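Presented below is the structure to which this report refers.
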Amino acid sequence: MYEFISGKIAQTTPAYVVLENNGIGYLINISLNTYEALKGKNESSLYIYENIREDAYILYGFAGTREREIFQLLISVSGIGANTARMMLSSMTPDELQAAIATENVNQIKSIKGIGLKTAQRVIVELKDKIGKTTGGQKLAVPEDNTNAEEALSALVMLGFSKGPSQKVVDKILREKPGSKVEEIIKLALKIL
């Protein structure tokens, strides 16, 4: 089993990267979070998860071990395969996903493409107790009242902005200015987006 693969980045896309190591090119599926971490690099080291099936041998790569741990927890949930877990980690950062599970935020989880209500509930039920173990002792920054964030996000989506980037901007604003009103969040988000 591979722990990590290091090498030159021969090709990169938002869905996969080809790492060349000793004349061998490894096609490794990645999330958007890992893609962002690889931008501007010529060489990299990715932590690997091997998905061995009857009909395929697929590698998934992660910029950090924490993202890989959350990926492995996600695929342990009935009904979530490797591609769905990768989609979840592309839609939200590991911190955001962990916070959504810890706070039982079903709406945030089911907003991910391909995740319905029952799957979101199953993720929360099966991972709520396990997810805290991946923090390595860190305290989660969980917003006490996120109705302002949800309203602002909903308004931004109705204005035509994509949900993923809008969510990140709203979260960033609330980290910098906790307790902001909905109108303030939207105004600041419009300047950033």
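In the set (i) 46; (ii) 41; (iii) 32, the label that goes with percent of Cα pairs over 25 Å apart computed for this structure is (ii).
Scalar couplings 3J(HN,Hα) for segment 67-84, obtained by applying the Karplus form with A = 6.51, B = -1.76, C = 1.60 to θ = phi - 60°, are 5, 5, 4, 5, 4, 5, 5, 4, 6, 6, 7, 4, x, 10, x, 4, 5, 5 Hz; x denotes Gly and Pro. With respect to the chain, whose longest principal axis is taken over its alpha-carbon atoms, helix 147-158 is tilted by about 70°. Charge tally around ILE48: other residues with Cβ under 14 Å, Lys/Arg +1 each, Asp/Glu -1 each, net -2. Extension gain for ILE75-MET1 works out to 24.9 nm (0.36 nm per residue, less the C-alpha to C-alpha distance). Think of the chain as a dipole: +1 on every Lys or Arg Cβ, -1 on every Asp or Glu Cβ, centred on the Cα centre; then among GLY61, LEU193, PHE4, LEU193 lies furthest on the positive end. Report the one residue of ALA155, GLY25, LEU74 whose Cα lies farthest in the direction of the positive end of the charge dipole of the chain (charges on C-beta: Lys and Arg +1, Asp and Glu -1; origin at the Cα centre). Highest projection toward the positive end goes to ALA155. Using Cα atoms only, what is the angle between the long axis of helix 182-192 and the major principal axis of the chain, expressed in degrees (0 to 90) to the nearest 10? Value to nearest ten degrees: 40. Here the chain exposes an accessible surface that is 51 percent carbon and sulfur, computed with a 1.4 Å probe and the other protein chains kept in place. Each label point was placed 7 Å from the Cα along the Cα-to-Cβ direction; for ALA56 and LYS168 their separation is 2.5 nm.
Sorting ARG175, ARG68, ARG122 by accessible area puts them as ARG175, ARG122, ARG68; the probe is 1.4 Å, largest comes first, and only protein heavy atoms count.
The values are calculated or read from the model by the stated rules, or taken from the named source; none is laboratory data. Computed from a prediction, not measured in an experiment: that's the story for all the values here. For neighbour counting, all protein chains shown are included, and Cβ atoms are generated from backbone atoms with ideal geometry for every residue, glycine included. Ligands, DNA and RNA are excluded from the accessible area calculation, which covers all protein heavy atoms including side chains. Shrake-Rupley method; radii C 1.70, N 1.55, O 1.52, S 1.80 Å.
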